[in-house]
Structure formats: C-alpha cells, structure tokens
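Q: The structure's right below; bear with me while I get my questions together.
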Amino acid sequence: MNKQELEIIKQKALEEHIPIIMDDTLEVVDKILVDLKPNKILEIGTAVGYSAMCFSEYLSENGMIDTIERDEERIKEAKENIVKVGVAEKINILEGDAVEILPTLQGTYDMIFIDAAKGKYPFFLKEALRMLSPNGIILADNILYKGYVMSDYNKHKQRTAVRNLREYIYEVTNDPNLETEILEVGDGLAITKKCPVRDVF
Ligand code: SAH
Ligand code: MG
C-alpha cells in the first residue's frame, strides 16, 4: 500500500473537515486488529475511505472490508482513493443508506466499525450483533460525542444523537452476553465483545 498517498488523502480530509478517525483512536484500533487478524471487516460510514484503508493493512490473507456510505461525492472520492493507495481489491464500497443496506447483508464479520449517523447507533448495534462472528469485536466511534454524552446538559440541538448514543452505551453495558470498555480516545470509542461461552451446569 502506498503510505505517501494515504498521508496526502488524510491531510486533504482534515483540511476539508471530514471527520476521519483520530490518531489516538486509530492507535487503539491498530492494536486490536494486530491481535484479531480479521478476515472480514464491516464499516458503517466510509467518508473518503481513510479508516478503511488504514484497517486494510491488518486483514488476513484474502480478507475483505465492506464499507457503507450514502454521500455520492464521498463515494466517488473514496473509490478514487482506494485505487491511488493500491488497496481497491480489499475494499468493497456499498453505496446507499446503512439503514437499508444492513438488513440485506448476510454472513459474519470479525470486526464491525460503527462510524455514521449517531441517531442510528442503537439500530446499527442490533444489526452488528446479528452479524458478529463469535470472537468478533464491535467498535463504535464518537460514542462520547464531544463530552455531551456524559454531561447532564441536555438542551443542545444534538439531543437526539446524545439520547441514542446513551441508549447504545446502556445496551452494550447491560447485556449479560457482552463485555464493553469505553475509552476516552478521540471522540470516545466503545469496544464490545461477546462473553466467552461457558458450559451451563
Ligand atoms: N470512517 C471514516 C469517517 C466516516 S464520517 C474515517 O474514519 O475515515 C461518517 C460518514 O458516514 C459520512 O461520510 C456520512 O456521509 C456517512 N453516513 C452517515 N449516516 C449514514 C447512513 N445512515 N448510511 C450511510 N452512510 C452514512
Ligand atoms: Mg468517527
């Protein structure tokens, strides 16, 4: 992969205020992926392909990333970017609204990266859990949303997003079959795994 091109794409995205994954969040994800060696990754929210291209380094042989994006301009740019960086054969861009696309997906994913409309996180979680492989990991970016999620100030215009992010956190921390950690890296990252299956006696 062409790291120089990737760096140029990153700088352009930052200049254009496209909310690409933050460096400290990426560091955490990198460590997870080194151990996980995923074969299939699902990403919700491609933007210009930056995070997907970063993750593609850690795929096992013949591994693939499916990534969903609804914005036509960004889809066009992402398609050009994955060619420039030389990872187009590992990244499959699914075009359209994730709310419509997710229910049509079959099969399982080893890592699912949720990074799109915050108001839809509980729905994305439900779909992610349906498709998560037994040792898989679900990551939810921007889960603390500039601190709004943990503050009791409730009157800002983002309150629907905040309510849904809180619901996501409630569900992943109260489900006895799930283990979740919430890190204050970047804009907040929730890391969720299924509990190891125990014998019932
Ligand atoms: N993962 C990217 C950043 C994604 S930004 C990176 O780190 O490089 C979030 C993207 O999600 C935006 O491009 C937005 O258009 C897209 N998005 C938001 N809601 C969506 C939805 N419901 N379906 C598909 N894409 C969505
Ligand atoms: Mg994000």
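The values are calculated or read from the model by the stated rules, or taken from the named source; none is laboratory data. As the structure is a computational prediction, the values presented were derived from the model and not from experiment. Backbone-built Cβ (ideal geometry, glycine too); neighbour counts: all protein chains shown.
Q: Quick check on region 66-120: of everything there that is part of a strand (DSSP E or B) and within 11 Å of ligand 1 (Cβ to nearest atom), which residue is surrounded by the fewest Cβ atoms within 10 Å (Cβ to Cβ)?
A: E95
Q: What is the one condition in (1) part of a helix (DSSP H, G or I); (2) surrounded by fewer than 23 Cβ atoms within 10 Å (Cβ to Cβ); (3) touching a residue at least 40 places away in the same chain (Cβ under 8 Å) that Y148 does not satisfy?
A: Just one mismatch for Y148, condition (3).
Q: Across region 20-59, what is the total count of residues that are away from ligand 2 (no atom under 14 Å from the Cβ), over 20 Å from E127 (Cβ atoms) and touching a helix residue (DSSP H, G or I) at 6+ places or on another chain (Cβ under 9 Å)?
A: Matching residues across region 20-59 total 7.
Q: So, one more: What pairs come up if the first residue lies in region 174-193 and is assigned to a loop (DSSP other than H, G, I, E, B), the second is among the polar types (S, T, N, Q), and their beta carbons are under 6 Å apart, counting only those six or more places apart or on different chains?
A: So the pair list comes out as V185/T25; G186/T25; D187/N142.
Q: Where residues in region 79-124 are touching a residue at least 40 places away in the same chain (Cβ under 8 Å), among the charged types (D, E, K, R) and within 15 Å of I41 (Cβ to Cβ), which of them is nearest to ligand 2 (Cβ to nearest atom)?
A: Going through the qualifying residues, I end up with D115.
Q: Residue check: is I138 more than 28 Å from N2 (Cβ to Cβ), at pLDDT 95 or above, within 16 Å of ligand 2 (Cβ to nearest atom) and in contact with a Ser or Thr (Cβ under 6 Å, 6 or more places away or on another chain)? Can you show your working first?
A: On the way: more than 28 Å from N2 (Cβ to Cβ): yes; at pLDDT 95 or above: yes; within 16 Å of ligand 2 (Cβ to nearest atom): yes; in contact with a Ser or Thr (Cβ under 6 Å, 6 or more places away or on another chain): yes.
The answer is yes for I138.
Q: A further question follows. Out of all the residues in region 121-144, which are more than 9 Å from ligand 1 (Cβ to nearest atom) and crowded, with 20+ Cβ neighbours inside 10 Å?
A: Selection gives Y121, L125, E127, A128, L132, G136, I137, I138, L139, A140, I143, L144.
Q: Hey, any hits in region 47-56 for a residue that's touching a residue at least 24 places away in the same chain (Cβ under 8 Å) and touching a Cys at 6+ places or on another chain (Cβ under 7 Å)?
A: The answer is no, given that none of the residues of region 47-56 is touching a residue at least 24 places away in the same chain (Cβ under 8 Å) and touching a Cys at 6+ places or on another chain (Cβ under 7 Å).
Q: What is the residue count in region 27-65 for residues that are assigned to a loop (DSSP other than H, G, I, E, B) and within 9 Å of ligand 1 (Cβ to nearest atom)?
A: The total comes to 5.
Q: Here are A13, A88, A117: which of them is among the aliphatic types (A, V, I, L, M) and within 13 Å of the chain's Cα centre (by Cα)? Spell out how you get there, then give the answer.
A: Working: A13 fails: within 13 Å of the chain's Cα centre (by Cα); A88 fails: within 13 Å of the chain's Cα centre (by Cα).
So the residue among A13, A88, A117 that is among the aliphatic types (A, V, I, L, M) and within 13 Å of the chain's Cα centre (by Cα) is A117.
Q: Now for a different question. Would you please list the contacts, defined by Cβ atoms under 7 Å and residues six or more apart or on different chains, that run from a residue in region 30-45 that is of a type in the set (S, T, Y) to a residue that is in a helix (DSSP H, G or I) and within 16 Å of ligand 2 (Cβ to nearest atom)?
A: none
Q: If you take the residues of region 1-19 that are under 19 Å from G86 (Cβ atoms) and in a loop (DSSP other than H, G, I, E, B), which of them is farthest from ligand 2 (Cβ to nearest atom)?
A: The extreme case among them is N2.
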